[in-house]
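These notes concern the structure reproduced below.
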Amino acid sequence: MRVKLWAGQVLAVCLVGLLLASCGGKPATRVLFIGNSFTYYNRGIDKQLAKLTRSIQTSSISEPGYTLEMHWTGGNAIKTIGEGGWAYVVLQEQSQTPVIDRAKFQEYVSDFNQVIEQNGAKTILLMTWERPDSVAYGVTTANLAAAYDAVGTELGIKVAPVGLAFASALQQRPDLVLYGTDGHPTMYGTYLAACVLYGTITGHSPVGIAYADSSISPEVRDFFQRVAAQSLGQ
């Protein structure tokens, strides 16, 4: 009778709470994404990240065309951060702003970072990728990387080098389409971004993870995982 009771208790513990990553009882790492359509396309980078590992639980506040300034003044992002319980908050700025108006980019990253740290979480900057329709305005891989790295260094914030991973993948495999002419990611791009975020957050290489969207072949999955790891020096 005691054995049956104990088994029932273990089962109850395993089922209680969405914050449990497994029946081992270890709370999941909660990650909040704040961004726009670059984040939410293809069911979202956040959803792809959560499928890479049971140890991460994600949520997203992403609105079309939003800048960090718009999220800041809108209030919903600040309210959600203030609810607490997040380990990381991933900030994705509007894809042109870091190059066109770096001062405003830094201003709102700094403002968000203060609120994020006050609520016990850490900030991660999601470096976006080159926009073919905005190259003439300087929205290139090199300029985006320079802007994100400069702000990350200035504020002591970790940067997920998604844009650099995109550039590396395209250099090696130009046959793989990662984004459209307006920069919006394909499923390939979203998956690669999720792999980079996985490595950034966990400190572990994504190489060898079994999951990939059904539209991605095992060969391409493995390639993206290697590129993500290389971009992080893993």
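Only the coordinates and a few stated rules stand behind these numbers; no lab work does. In this text the structure is predicted, and so the values were computed from the model without any measurement. Neighbour counts are summed over all protein chains in view; Cβ atoms, including those assigned to glycine, are modelled from backbone coordinates with ideal geometry.
Details
- DSSP beta bridge pairing in the chain, given as percent antiparallel to the nearest 5: 10
- Counting only Cβ charges, +1 for Lys and Arg and -1 for Asp and Glu, the dipole size of the range 19-231 around its Cα centre is about 700 debye.
- Count of lysine pairs in the chain with Cα separation under 30 Å (8 or more residues apart, or interchain): 19
- Taking amide hydrogens as placed 1.01 Å from N in the peptide plane, the amide H of V159 sits under 5 Å from those of L125, each at least 5 positions away in sequence or on another chain.
- Ellipsoid semi-axes in whole angstrom, largest first, where each is sqrt(5λ) of the Cα gyration tensor of the chain: 32, 23, 14
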